[in-house]
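Chemist: To start, I am sharing the structure in question, which I have written as C-alpha cells.
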Amino acid sequence: MTPKASDIFDILIRQHADMLSAFIYSMSFDRSEVDDIFQETIISAWTRIDDFDPSRPFAPWLRGIARNHILAAARKNKRYRAHLHGLLEDRIEEQFGRLDRESGDSFAERIAELKRCIERLHAEGREAIELVYIRGVDVPVAAETVGAAQETLRKRLYRARLWLAECLKTKQVFA
C-alpha cells in the first residue's frame, strides 16, 4: 500500500516543525506572531505542495514560504518596515541552509547539544539566555528582573552567545 500525499506531508512537517519554528522565531520581530506565521506557512505549503520539486530538499522550500509570510507581516506593521532590508539579506536562511547541507545530527540532536552548552554557561550568562531567548522576555524587563542595567544585560548576552558558539564549535555541532 502506497502512502497518501497527506501522510507524506504530515511526516515531512513533523520532521521539520522544530526547525521551522526556530527559523520563524529567529526572523520574526513580533514574537506574538510566531504561531500564526507557523500555521500560515503550513497551510500555504499544503496548498502549494504540487509546486514542490521532490528532487530538492524540503526544508529550504518550507523556509522560503515562511520567509514570505514573515515579510508580509513586516510590511503590514509600520514598526517593522525598517527591518525589511535585514530580512531580505537572508543571513538567517544562510545559516539554516548550512545546517541542511551538513551531514550528521538532526536538528533536534543539535538543539539538545545547545541545551547542554547552555547548562554549562556561567550563572549570569545562563540566566540572561534563559530570560531573553528561552522565555522571550524583552531586554528591559529582563534587566530589571535580574537587577542589572540594560547595557550590562546586553553585554552578558553577547558574551554568552560567543561562549555558546565556541562550545558548539568544539562539539562540531556548527562549523
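Each reported figure results from applying straightforward, stated rules to the coordinates on display, with no laboratory input. What you are looking at is a predicted structure, and each value in this text was computed from that prediction instead of being measured. Neighbour counts are summed over all protein chains in view; Cβ atoms, including those assigned to glycine, are modelled from backbone coordinates with ideal geometry.
Chemist: Could you give the nm distance between label points at Ile43 and Ile11, where each point is 7 Å from its Cα heading toward the beta carbon?
Modeler: Going from the Ile43 label point to the Ile11 one covers 2.7 nm.
Chemist: Kirkwood Rh and Cα-based Rg: tell me the resulting Rg over Rh for segment 117-175, rounded to two decimals. Don't jump to the answer; show the numbers that get you there.
Modeler: Details: Rg = 11.7 Å, Rh = 11.6 Å.
Reported Rg/Rh, Kirkwood definition of Rh: 1.01.
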